[in-house]
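J.: To start, I am sharing the structure in question, which I have written as structure tokens.
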Amino acid sequence: MPLPSAAQTVAAGAQDAQQVDVAVVGAGFAGLYLLIRLRRAGFTAVALEAADDVGGTWYWNRYPGARCDIQTTDYSYTFDPELESAWRWSEKYATQPEILRYLGFVADRYDLRRDIRFGTKVQTATWDEAAQRWLLTTDNGKPVSCRYYIMASGCLSAPKPPEIDGVGDFTGEIYFTGRWPHEGVELAGKRVAVIGTGSSGVQSIPRIAEQAAHLTVFQRTPNFAFPAHNGPQPPDRVAALEKDRADYRQQARLSLTGVPLERATEFSWQLSDAERRQRFEKALAAGDLVAMLSQLWADQGGDLEGNALAADLLRERIHAIVKDPETAEALTPRDHPFGSKRPCLETDYYATFNRPNVTLVNLRQEPIKRITASGIETDRRIVDLDVIVFATGFDAMTGAITAVHPITGRDGKSLSDVWAGGPRTYLGLTVAGFPNLFMITGPGSPSVFSNMVVSIEQHADWVVDRLMAMREAGFTAIEATEAAQAGWARHMADCSQLTLHRLANTWYTGANVPGKAPGLMPYPGGVGPYRTICDEVVSRGMLGFNLSGPDGAVQCNDGEVVRLQPDVRLVLNMLAELNLPPLESLGAEGARSFVKQFNATRPAGRPVGEIVDATLQGADGPLPYRLYRPSTPGPHPIVVYFHGGGWVLGDEQSDDPFCRDMCRRSGMIFVSVGYRHAPEHCFPAAAEDGYAALRWIAENAAELGGRLDANGAGPLLVAGWSAGGNIAAVTCQLARDRGGPPIAGQLLVCPVTDCTFDRPSYIENAEGYFLTRSLMDWFWGHYCPAADRTDPRASPLRGKLAGLPPAFVATCEFDPLRDEGIAYAEAMAAAGVPVEQLQARGHFHSSLMMVDVVATGASGRVKMAEALRRFAGMAERPEEAMPKAAE
Ligand code: FAD
Ligand code: NAP
């Protein structure tokens, strides 16, 4: 007899299945809120929950000391002000029983239990293409047939199996923090081991030590921890909430973490030691994860040096508390940046190691060999035990999703196979090839990098709103496109470059589960930006989704939702919100003073060895210059630098942050030249000043501290940005044609090289990226009469290119000048000039200049500095110029 096909099996199973519009897996914070929303939207829904009651995380994690680590003021539902008034939290960080009571209270208040099938584990899920429905099989009762299948199965709900030999041999008691017995565990008088020192271990160890006869803690990696200072809810936080509840909640939704706390804006190097310590003490006193992670200094999260300053203060504290120096050192994290692993809030954690009944075993020095019938054996000792507690964590983010196996999507594809190389999603909500499947706080969404309740509400709202809109429009299936998904992966990777998470082995990256594909799983771009992206997907016609319905109805607006680098997107959004008048409408003087004011608000840039302001001889009189000298011992090669500003704006100080940064990274002197500006001094004044400045600097190189070669000069280099790039390029041509001085290399950043406006980049980026076509038109209009524009001193692309110095040409994707920069690089290369190019993806005209604002531009400056050093025949970069981790 022929076997039934998969489709026939699904069809047969669906016949006696429970029929609903939507099946939700899980009845934690996410599942409960989904039920409320779905019911209000008029969908039939069922939640399937493996546990015997609601609560999710707070149902399973009943270990001693279990609490939330986001203040309860924030770690609560916000969708219903009446619910908020009806519940009072008793503590700053509520205990597990209290949070579980809260979720039970919510379930009762909205009468949710009648739509939840408890004690029911979803085992498989299969998409039925013909019926456009999912069929879910369970271990208890009927299968479920649904149009939409939502995994609200939790990011931290699948405990990680212990990968230690001999677990089965142990004759004592074994417990997992994530599956703690409901009846509690009697630990008094017992010899107990805790394996693991993540948040669960750090919370439970002090409480277990109070009960056990002896506690042995087996630690593989020490974590950063600082005090929770639990107690009543802090009055200032409560007052902030109660002053304007709606506004407070809205600020949370738009914040980076889901908690509305101001982030530090000053950089570590702008603060004295005393100021830094004062900020640290304040954050320490606040006992707040988000405060400690974001309120010290602006560079604490993305820059290794800024981070190390915070980490050192936290380390110091451990040594101040723990009496035995060896134990203190073992507890001190040194292998990962602060915040790259989730830090822990502690109550008596470090002091616990001063107790006589507590021993720390450092598994880095003596790994566990095996678990035996009577205890744990390491390389150095045998510890006899009555109880072993595994606080070893979870198969996070993907574990609960892929535990439903198989999840079979379109064309019989299994989700586990599709994700074999790591989870791929669109917005962390959907997966291409799996129509009508949604994940709440899935991989690729902010999820565990945020106050989860805020993220859960946003996801549930977004999903249910989409289902309603589809119903309205007559669509029955929704599926992410491959292009949108690939774009999201790129955006995720771009965001993660701004963090230090990749420098730690954590469950964020799957590193805690042997064999799991590595890669940062939560979205690190922040809750607020993420929300605006989800909204943008909708406002752009469900960008990146395929919608279909009966009778062949189809809608697909394919594309990538974020093509800009994440910080460029923020900067451009901020500029758009300022609603600035076009620069060209201000007149030359107005535009100059605007730029001056605007520049005054920039981060100041890091210190260099010395800054000298003086004058040099230009083509027609003295010109101001600013010299940046590295702090390394001289003499140094000199870079003659020309600032940007369309030949009209700016001065020798206006690219100050860039010059400082490049001086530090390259280890070279930068001399920024204040060449003459249009319209007062038109073409060729700026070009001739450029060349004259080069000559003067060559002649005075020794006095300026320049390194001299056998001929008594050089290596001399030139660099410039935008119109300054134009002057730099022209200067190289003039130096070649007018008998020197020799130039060792040229760095052209987004240079103007030609006078036509018809290249694709001018058309694509005519508006919206700050430097507009109209502004360029205005610049050219001031600088150069139409008849002179084809002169190579105005349009160097039209000049002779052979015999020019080696060049590094940087261009940005969203810049009208992109294509003429690339054309110049290609034309020089064709003429035999050694040329390196950087085509900066996702960047705009000013990106590479915006030091400490557009952090994703830093890697470009690293490459520029390396190129300059190569041109100058220098090998290694000096220590201070080494790229920071965020690069
Ligand atoms: P969960 O609460 O994990 O609920 C998922 C439910 O799905 C579970 O009940 C599970 O049984 C069920 N399920 C899974 N698979 C299946 C299946 N196949 N069939 C049927 N049912 C299934 N986040 C914060 O923001 N702040 C905190 O302070 C905080 N503290 C935490 C403390 C601990 C100890 C842990 C482990 C996590 C903490 N988190 C915290 C993260 C926490 O998981 C979330 O805040 C939130 O509770 C997640 O809710 P959820 O509904 O998405 O998932
Ligand atoms: P975790 O952070 O992954 O910590 C697991 C610990 O077990 C780590 O110290 C790990 O060491 C160790 N470990 C894992 N496998 C091991 C092995 N085979 N041998 C020896 N040691 C091993 O897990 P968690 O503590 O359960 O926390 C997970 C997340 O849940 C937290 O980050 C947090 O988001 C959430 N949580 C929050 C709270 C709270 O305070 N509200 C409490 C608990 C959990 P390595 O680091 O070397 O891998």
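The values are calculated or read from the model by the stated rules, or taken from the named source; none is laboratory data. Since this is a predicted model, take the numbers as computed values, not measurements. As a convention, Cβ positions derive from the backbone with ideal geometry for all residues, glycine included, and neighbour counts pool all protein chains shown. Ligands, DNA and RNA are stripped out before the accessible areas are found, and what is left, the full protein with its side chains, is counted by its heavy atoms. Shrake-Rupley method; radii C 1.70, N 1.55, O 1.52, S 1.80 Å.
J.: Within region 170-182, does at least one residue satisfy the condition of being over 36 Å from the mean Cα position of the chain (by Cα), in contact (Cβ under 8 Å) with a residue 12 or more places away in the chain and within 16 Å of ligand 1 (Cβ to nearest atom)?
T.: Among the residues of region 170-182, at least one is over 36 Å from the mean Cα position of the chain (by Cα), in contact (Cβ under 8 Å) with a residue 12 or more places away in the chain and within 16 Å of ligand 1 (Cβ to nearest atom), which makes the answer yes.
J.: Name the one entry in Gly705, Gly725, Gly740 that is touching a residue at least 40 places away in the same chain (Cβ under 8 Å), surrounded by fewer than 24 Cβ atoms within 10 Å (Cβ to Cβ) and touching a strand residue (DSSP E or B) at 6+ places or on another chain (Cβ under 7 Å). Can you show your working first?
T.: Details: Gly725 fails: surrounded by fewer than 24 Cβ atoms within 10 Å (Cβ to Cβ); Gly740 fails: touching a strand residue (DSSP E or B) at 6+ places or on another chain (Cβ under 7 Å).
Unique residue meeting the criteria: Gly705.
J.: Yes or no: Pro657 more than 24 Å from Val853 (Cβ to Cβ) and out of contact with any His (no Cβ under 7 Å at 6 or more places or on another chain)? Full working, then the answer.
T.: Values: more than 24 Å from Val853 (Cβ to Cβ): no; out of contact with any His (no Cβ under 7 Å at 6 or more places or on another chain): yes.
No: the conditions fail for Pro657.
J.: Could you tell me which numbered condition Gly178 fails, if it satisfies all but one of (1) surrounded by 13 or more Cβ atoms within 10 Å (Cβ to Cβ); (2) assigned to a helix (DSSP H, G or I); (3) away from ligand 2 (no atom under 11 Å from the Cβ)?
T.: It fails just one condition, (3).
J.: Would you say Phe475 is touching a residue at least 60 places away in the same chain (Cβ under 8 Å) and in a loop (DSSP other than H, G, I, E, B)?
T.: yes
J.: Failed condition for Ile368, given (1) of a type in the set (A, V, I, L, M, F, W, C); (2) within 15 Å of ligand 2 (Cβ to nearest atom); (3) open to solvent by less than 10 Å² (accessible area, probe 1.4 Å), with all others met?
T.: (3)
J.: Return yes or no: is Ala30 in contact with a helix residue (DSSP H, G or I) (Cβ under 6 Å, 6 or more places away or on another chain), near ligand 1 (Cβ under 8 Å from one of its atoms) and of a type outside the set (S, T, N, Q)?
T.: yes
J.: Also: For region 49-58, how many residues are near ligand 1 (Cβ under 6 Å from one of its atoms) and under 21 Å from Leu136 (Cβ atoms)?
T.: 4
J.: Could you list, in sequence order, all residues of region 783-801 that are open to solvent by 40 Å² or more (accessible area, probe 1.4 Å) and of a type outside the set (Lys, Arg)?
T.: Listed by number, the residues that qualify are Pro785, Ala786, Ala787, Asp788, Thr790, Asp791, Pro792.
J.: Go through region 802-837 residue by residue and tally those that are crowded, with 16+ Cβ neighbours inside 10 Å and either in contact with a Phe, Trp or Tyr (Cβ under 7 Å, 6 or more places away or on another chain) or assigned to a loop (DSSP other than H, G, I, E, B) (or both).
T.: Number satisfying all stated conditions: 11.
J.: Scan region 620-674 for residues that are in a helix (DSSP H, G or I), more than 21 Å from Arg707 (Cβ to Cβ) and not hydrophobic (A, V, I, L, M, F, W, C) and jot them down. Outline the logic, then answer.
T.: Taking region 620-674 first, the residues in a helix (DSSP H, G or I) are 656-666.
Within this subset, residues satisfying the condition of being more than 21 Å from Arg707 (Cβ to Cβ) are 656-658.
The answer is Asp656, Pro657.
J.: Next question. Can you report the number of residues in region 206-222 which are within 16 Å of ligand 1 (Cβ to nearest atom) and either buried (at least 22 other Cβ atoms within 10 Å of the Cβ) or closer than 18 Å to Arg381 by Cβ (or both)?
T.: 1
J.: If we keep just the residues of region 743-778 that are open to solvent by 10 Å² or more (accessible area, probe 1.4 Å) and of a type in the set (Phe, Trp, Tyr), which is farthest from Phe683 (Cα to Cα)?
T.: The selected residue is Tyr769.
J.: Next up: Among the residues of region 395-411, is there at least one that is more than 26 Å from the chain's Cα centre (by Cα) and among the charged types (D, E, K, R)?
T.: yes
J.: Quick check on my filter: what residues within region 415-436 are polar (S, T, N, Q) and surrounded by 17 or more Cβ atoms within 10 Å (Cβ to Cβ)?
T.: Thr425, Thr430, Asn436, listed by residue number.
J.: For Pro222, work out the one condition from (1) assigned to a loop (DSSP other than H, G, I, E, B); (2) more than 30 Å from Arg364 (Cβ to Cβ) it doesn't fulfil.
T.: If we test Pro222 against (1) assigned to a loop (DSSP other than H, G, I, E, B); (2) more than 30 Å from Arg364 (Cβ to Cβ), just (2) comes out false.
J.: Pairs needed: first member in region 324-338, under 18 Å from Pro356 (Cα atoms); second member anywhere, open to solvent by 10 Å² or more (accessible area, probe 1.4 Å); C-beta distance under 6 Å; at least 6 residues apart or different chains.
T.: Thr327/Phe353; Thr327/Leu360; Ala328/His319; Ala330/Leu360; Ala330/Asn362; Leu331/Pro222
J.: Right, next: Using the structure shown, decide if Ser455 is assigned to a helix (DSSP H, G or I) and free of Cβ contacts under 8 Å to residues at least 60 places away in the same chain.
T.: When the stated conditions are applied, Ser455 does not pass them.
J.: Give, as residue ranges, the strands (runs of 3 or more DSSP E) completely inside region 525-619 that count at least 2 residues that are under 23 Å from Tyr675 (Cα atoms) and open to solvent by less than 30 Å² (accessible area, probe 1.4 Å).
T.: Working: elements: 545-548, 554-556, 610-618.
Fully inside region 525-619 and qualifying: 610-618.
J.: Mind checking whether some residue in region 847-856 is closer than 18 Å to Ile727 by Cβ, modelled with pLDDT of 95 or more, out of contact with any Ser or Thr (no Cβ under 7 Å at 6 or more places or on another chain) and not in a helix (DSSP H, G or I)?
T.: Checking region 847-856: not a single residue is closer than 18 Å to Ile727 by Cβ, modelled with pLDDT of 95 or more, out of contact with any Ser or Thr (no Cβ under 7 Å at 6 or more places or on another chain) and not in a helix (DSSP H, G or I).
J.: List, please: which pairs have Cβ atoms under 7 Å, are six or more places apart or on different chains, and start with a residue in region 679-693 that is closer than 10 Å to Cys784 by Cβ and end with one that is among the hydroxyl-bearing types (Ser, Thr, Tyr) and not in a loop (DSSP other than H, G, I, E, B)?
T.: What qualifies is Cys682/Tyr783; Phe683/Tyr783.
J.: Which of the residues spanning region 50-60 are touching a helix residue (DSSP H, G or I) at 6+ places or on another chain (Cβ under 6 Å), surrounded by 21 or more Cβ atoms within 10 Å (Cβ to Cβ), on the phi < 0 side of the Ramachandran plot and not aromatic (Phe, Trp, Tyr)?
T.: If the condition is that a residue be touching a helix residue (DSSP H, G or I) at 6+ places or on another chain (Cβ under 6 Å), surrounded by 21 or more Cβ atoms within 10 Å (Cβ to Cβ), on the phi < 0 side of the Ramachandran plot and not aromatic (Phe, Trp, Tyr), then Val54 is the only one that fits.
J.: Exactly one of these conditions fails for Val194: (1) assigned to a loop (DSSP other than H, G, I, E, B); (2) within 15 Å of ligand 2 (Cβ to nearest atom). Give me its number.
T.: The one condition Val194 does not meet is (1).
J.: Taking the condition of being in a loop (DSSP other than H, G, I, E, B) and either within 15 Å of ligand 1 (Cβ to nearest atom) or within 16 Å of the chain's Cα centre (by Cα) (or both), how many residues in region 503-524 meet it?
T.: Final tally of qualifying residues: 9.
J.: A follow-up question, please. What number of residues within region 387-439 are away from ligand 2 (no atom under 16 Å from the Cβ), in a loop (DSSP other than H, G, I, E, B) and not β-branched (Val, Ile, Thr)?
T.: 18
J.: Would you check which residues across region 37-49 are open to solvent by 10 Å² or more (accessible area, probe 1.4 Å) and outside any loop (DSSP other than H, G, I, E, B) and list them?
T.: Listed by number, the residues that qualify are Arg37, Arg39, Arg40, Ala45.
J.: Consider Ala193 carefully, then state whether it is buried (at least 22 other Cβ atoms within 10 Å of the Cβ), of a type in the set (A, V, I, L, M, F, W, C) and more than 16 Å from ligand 1 (Cβ to nearest atom).
T.: So Ala193 passes the test.
J.: Where the second residue is acidic (Asp, Glu) and the first is more than 13 Å from ligand 2 (Cβ to nearest atom) and lies in region 498-517, which pairs have Cβ atoms under 8 Å and are six or more apart or on separate chains?
T.: These pairs meet every condition: Leu498/Asp567.
J.: Take the residues of region 61-83 that are surrounded by 17 or more Cβ atoms within 10 Å (Cβ to Cβ) and away from ligand 2 (no atom under 16 Å from the Cβ): which is farthest from Tyr349 (Cα to Cα)?
T.: Here the answer is Leu83.
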